[in-house]
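This report concerns only the one structure given below.
The values are calculated or read from the model by the stated rules, or taken from the named source; none is laboratory data. Everything numeric in this text was worked out from a predicted model, so none of it was measured. Cβ: placed from backbone, ideal geometry, glycine included. Neighbour counts: every protein chain shown. These accessible areas exclude ligands, DNA and RNA; they are computed on the full protein's heavy atoms, side chains included. Shrake-Rupley method; radii C 1.70, N 1.55, O 1.52, S 1.80 Å.
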Amino acid sequence: MTTPPPYRIAIASGKGGTGKTFVAVHLAKMISTSASCTLVDLDVEEPNDSIFFPEMELESRLVYKQIPEWNEERCTLCGLCSKTCKFHAVMQLGDSVIVFNELCHSCYACSELCPNDALPMKNQTLGTIGIAKSNQLTLVESRLKVGEEQAVPLIKKTHRNLQTEVNKTDYILYDSPPGTSCPVVAATKPADLVLLVTEPTSFGLNDLKLAVETLRKTQKPMAIIINRYGIGYEDVEQYCEIEKLPVIAKIPYSRKIAEAYALGHIVTESDPELLSQLKNVVDFIKLHRNENA
Amino acid sequence: MREIVILSGKGGTGKTLVSASLAAVGAKEAILADCDVDAANIHLLLQTKAVKTEVFYSGELANINQDDCISCGRCMEVCRFDAIGLSNQQYKIEDAECEGCGYCEKVCPAQAITLKPRRSGIVYVSDSRLKMPVAHARLDPGADNSGKLVAKVKDEARKLARAENKEYVIIDGAPGIGCPVVSSLAGAKYVLFVTEPTQSALHDLKRLHTLLQKFKPVTGCIINKNDLNAEMTQEIKLFLKENRIELVAELPYSDLFAKSMIGQLTVAEADKQMFTEFEKIWKKIKERLS
Amino acid sequence: MKIVFTSQGPDMDSQMDSRFGRAAYLVSFSSDDNTVVAISNSEVASEAHGAGSATSKKLFELKPDVLITGNGPGETASKVIKLMNIKTFANAHDMTLYEAYEAFKQGKLKELAL
């Protein structure tokens, strides 16, 4: 019998601070009690899922991007590279050529179009991918190097690296970066299902709409989790109804949860209401998986 | 003209509500710029009405002219972004993947590829409920959030401030710690951090502070939800002291923030005590700038 | 001595532009013969990324001894400026180029260690 491919769920949110990480770490804990589960933290600028798993020690390895390196001896100072680069990452200044690593998109144009092979591509550290395993749970953390500004290449690399490594896992959860711009699109790309975490406020609704608009373009099935439910704003639910987006959990607004979260604690054990809401999410995921198998 | 930038790094600390509340107390002497373009929200609180809109382009996008294409496939070979696909014997650019590097344009033997400007959002100049003009923007879904859009919003705000003779520009800065943040910082006289007592918020605060070393603006900090984790709050205070960042205010955890959003008001307008609190904050900032 | 200012306008009466990469103009002033040369930087200001790098190329072509600006250049531009051995003075905000020049002569501007 062949094992089915892993089922991939991305957890995203338009607005930052809605509780995306909260949902991701709790779901990972819960799913891993009955199936193998890999949690991938793709919030590469600020990955902090690992704070909630202090007992798991990440084993990290470096991830590289390719950037050109100037070879002075071969260069004839023709200036083609400087003209070719759309990102101002390669510049000829007088009789030298400078490469600005942070600006380079690794398109290879300057390197391969150089008539004298004077800009061979070299490895440059982009960030790290850390992996930790504990029973059925695997934690993967993708972390951008400080000063590196492009999140998308690292997210794509992480996806590619994981293809071979986590094929045997039942579920993969991606904790996506916040916002609605290109890193989110890259992070959610392999997902079979996207869970959007929002909050019942006008800000939450506005950013949810933007996130839905972004993800509709990718034709991903989506479901909504409302966090901090109960502060009395119903427009989010109305919107979901009109847009036919299933609301699969409503996590109560509670100071206790906020406190525990601030301390970096997992809170399900002490909170039956939260537990039952998260169970709804897990049931929905399993159902969705079976329906689409 | 003096620019005050409000930053938080991590989302959800209350940065936008602080920016809007400062605008509410300082409406007579300030212009507001919402540079949080990836998830712009201030316009909701201030019920803005656009008086000027401008489509915004950033970077470029490759385009294949099918009439000229000889289907040699050279473009697909060189593209490192998997942005060129072959369907029904036609080579096509996938807009979302294309980074506009122009390599395909350079190697196309039939000159069938051109680069055109990429639409990335809309910039607005609006009137608001506070009788104060607001400059803001909306990034297109999935577009690249560049420093250029942030710079454009700030430019519009500066123009407004000059035209209306206002002394201050209040800037709701970009989230995170990347390129858009650097853009929102350019020209800042005062940077106000809004943080909360969590590990990740403090971590971001430290990284933002490192980023500021080169700009050297006056800095202040508001600790929001200060009673959620007393130990962490102490740690933040220590950090502020060591780095000579003024602790401008501490605000307790309160559902007032969420409630005021629902009433579509700023916190300062929703609650008398908060209004006084924000008047004090505004006064402190102005004093440090004079 | 040749000094380049980041400026909002093309002459010495213009206001300083605090930005480096997205400055509206680079104005070059030679104290030897009092000549002023202005270069518009508007096409760079509209670049999505890499404005600092593009502007520093122009700076390189002007070959100044000193750069006077507001916030100070970003990381990318700093590398180029360092390479060119240009002394950089920042914190020239809210003043005209003349005023910035006077402040520089009186040693009131801070030299940046790039």
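Which numbered condition in (1) surrounded by fewer than 21 Cβ atoms within 10 Å (Cβ to Cβ); (2) facing chain B (nearest Cβ under 9 Å) is the only one that residue A:125 fails?
Evaluating residue A:125 over (1) surrounded by fewer than 21 Cβ atoms within 10 Å (Cβ to Cβ); (2) facing chain B (nearest Cβ under 9 Å) leaves (2) as the failure.
How many residues are aliphatic (A, V, I, L, M), at pLDDT below 90 and in a helix (DSSP H, G or I) if we restrict to segment A:256-293?
6
Restricting attention to segment A:197-239, which residues are within 19 Å of the chain's Cα centre (by Cα), crowded, with 19+ Cβ neighbours inside 10 Å and not polar (S, T, N, Q)?
Within segment A:197-239, A:197, A:207, A:208, A:210, A:211, A:212, A:215, A:222, A:223, A:224, A:225 qualify.
Can you tell me which of (1) at pLDDT 95 or above; (2) open to solvent by 10 Å² or more (accessible area, probe 1.4 Å) is the one residue B:130 doesn't meet?
(1)
What are the residues in segment A:272-293 that are crowded, with 16+ Cβ neighbours inside 10 Å and in contact with a helix residue (DSSP H, G or I) (Cβ under 7 Å, 6 or more places away or on another chain), if any?
Across segment A:272-293, the qualifying residues are A:274, A:278, A:281, A:282.
(1) over 18 Å from the mean Cα position of the chain (by Cα); (2) more than 19 Å from residue B:262 (Cα to Cα); (3) within 11 Å of chain B (Cβ to nearest Cβ): which one isn't true of residue A:186, the others all being true?
In the conditions (1) over 18 Å from the mean Cα position of the chain (by Cα); (2) more than 19 Å from residue B:262 (Cα to Cα); (3) within 11 Å of chain B (Cβ to nearest Cβ), residue A:186 misses (1) alone.
To keep it simple, each residue is scored yes or no on (1) assigned by TED's automatic domain parsing to the domain that holds residue A:20; (2) small (Gly, Ala, Ser); (3) in contact (Cβ under 8 Å) with a residue 12 or more places away in the chain.
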{"site": "A:58", "(1), (2), (3)": "yes, no, yes"}
{"site": "A:83", "(1), (2), (3)": "no, no, no"}
{"site": "A:88", "(1), (2), (3)": "no, no, yes"}
{"site": "A:98", "(1), (2), (3)": "no, no, yes"}
{"site": "A:106", "(1), (2), (3)": "no, yes, yes"}
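Please state which one of C:40, C:30 is away from chain A (no Cβ under 14 Å), at pLDDT 90 or above and over 25 Å from residue C:105 (Cβ atoms).
After applying the criteria, what remains is C:40.
Residue A:25 - would you say it is in a helix (DSSP H, G or I) and either surrounded by 18 or more Cβ atoms within 10 Å (Cβ to Cβ) or at positive phi (or both)?
Spelling it out, residue A:25 is indeed in a helix (DSSP H, G or I) and either surrounded by 18 or more Cβ atoms within 10 Å (Cβ to Cβ) or at positive phi (or both).
Among the residues that make up segment B:15-29, is at least one of them in the same structural domain as residue B:182 (by TED's automatic domain parsing), closer than 30 Å to residue A:156 by Cβ and open to solvent by less than 50 Å² (accessible area, probe 1.4 Å)?
yes
Residue-wise test of (1) within 17 Å of residue A:23 (Cβ to Cβ); (2) within 14 Å of chain B (Cβ to nearest Cβ).
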| position | (1), (2) |
| --- | --- |
| A:217 | no, yes |
| A:227 | yes, yes |
| A:231 | no, yes |
| A:234 | no, yes |
| A:242 | no, no |
| A:255 | no, yes |
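Out of segment B:255-287, which residues are surrounded by 15 or more Cβ atoms within 10 Å (Cβ to Cβ) and basic (Lys, Arg)?
B:259, B:284, B:286
Would you point out the residue of segment B:76-103, among those that are assigned to a helix (DSSP H, G or I) and more than 9 Å from chain A (Cβ to nearest Cβ), that is surrounded by the most Cβ atoms within 10 Å (Cβ to Cβ)?
Ranking the qualifying residues of segment B:76-103, first place goes to B:76.
Given (1) of a type in the set (S, T, N, Q); (2) out of contact with any Ser or Thr (no Cβ under 6 Å at 6 or more places or on another chain); (3) under 12 Å from residue A:93 (Cβ atoms), where does residue C:55 come up short, assuming only one miss?
Going through the list (1) of a type in the set (S, T, N, Q); (2) out of contact with any Ser or Thr (no Cβ under 6 Å at 6 or more places or on another chain); (3) under 12 Å from residue A:93 (Cβ atoms), residue C:55 breaks only (3).
Within segment A:87-106, restricting attention to residues that are open to solvent by less than 20 Å² (accessible area, probe 1.4 Å) and at pLDDT below 90, which residue is nearest to the chain's Cα centre (by Cα)?
A:100
Could you list all residues from segment A:46-68 that are within 18 Å of the chain's Cα centre (by Cα), under 28 Å from residue A:249 (Cα atoms) and open to solvent by 10 Å² or more (accessible area, probe 1.4 Å)?
A:46, A:48, A:50, A:51, A:52, listed by residue number.
Regarding segment B:249-265, can at least one residue be identified that is within 14 Å of another protein chain (Cβ to nearest Cβ), on the phi > 0 side of the Ramachandran plot and part of a loop (DSSP other than H, G, I, E, B)?
yes
Rundown of residues vs (1) within 10 Å of residue B:35 (Cβ to Cβ); (2) open to solvent by less than 30 Å² (accessible area, probe 1.4 Å), yes/no style:
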residue	(1), (2)
B:153	yes, yes
B:163	no, no
B:172	yes, yes
B:180	yes, yes
B:187	no, yes
B:191	no, yes
B:194	no, yes
B:210	no, no
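Report, by residue number, each residue of segment C:74-93 that is in contact (Cβ under 8 Å) with a residue 12 or more places away in the chain, more than 8 Å from every other protein chain (Cβ to nearest Cβ) and open to solvent by 20 Å² or more (accessible area, probe 1.4 Å).
Once the filter is applied, which keeps residues that are in contact (Cβ under 8 Å) with a residue 12 or more places away in the chain, more than 8 Å from every other protein chain (Cβ to nearest Cβ) and open to solvent by 20 Å² or more (accessible area, probe 1.4 Å), segment C:74-93 yields C:82, C:87, C:89.
Hey, residue A:259 hits all of (1) touching a helix residue (DSSP H, G or I) at 6+ places or on another chain (Cβ under 8 Å); (2) facing chain B (nearest Cβ under 9 Å); (3) open to solvent by 20 Å² or more (accessible area, probe 1.4 Å) but one; which does it fall short on?
Checking residue A:259 against (1) touching a helix residue (DSSP H, G or I) at 6+ places or on another chain (Cβ under 8 Å); (2) facing chain B (nearest Cβ under 9 Å); (3) open to solvent by 20 Å² or more (accessible area, probe 1.4 Å), the one that fails is (1).
If I filter segment B:149-162 down to residues being within 11 Å of chain C (Cβ to nearest Cβ) and of a type in the set (A, V, I, L, M, F, W, C), which single residue comes out as nearest to the chain's Cα centre (by Cα)?
B:150
Of all residues being out of contact with any Leu (no Cβ under 7 Å at 6 or more places or on another chain) and polar (S, T, N, Q) in segment A:39-70, which is nearest to the other protein chains (Cβ to nearest Cβ)? Just the residue, please.
It comes out as A:48.
Tally up the residues in segment A:69-97 that are aliphatic (A, V, I, L, M) and out of contact with any Phe, Trp or Tyr (no Cβ under 7 Å at 6 or more places or on another chain), please.
4
Say we look at segment A:2-22 and pick out the residues that are closer than 18 Å to residue A:190 by Cβ and β-branched (Val, Ile, Thr); which of these is most open to solvent (accessible area, probe 1.4 Å)?
The extreme case among them is A:3.
For segment A:33-86, which positions are among the aliphatic types (A, V, I, L, M) and at pLDDT 90 or above?
Scanning segment A:33-86 gives A:35, A:39, A:40, A:42, A:44, A:56, A:58, A:62, A:63, A:67, A:77, A:80.
Looking only at segment A:107-122, count every residue that is of a type in the set (S, T, N, Q) and surrounded by fewer than 21 Cβ atoms within 10 Å (Cβ to Cβ) and tell me the total.
1
Count, please, the residues in segment B:37-75 that happen to be open to solvent by less than 40 Å² (accessible area, probe 1.4 Å), under 26 Å from residue B:102 (Cα atoms) and in a loop (DSSP other than H, G, I, E, B).
2
In segment B:163-189, what count of residues is obtained for those that are more than 14 Å from chain C (Cβ to nearest Cβ), assigned to a loop (DSSP other than H, G, I, E, B) and closer than 15 Å to residue B:134 by Cα?
Result for segment B:163-189: 3.
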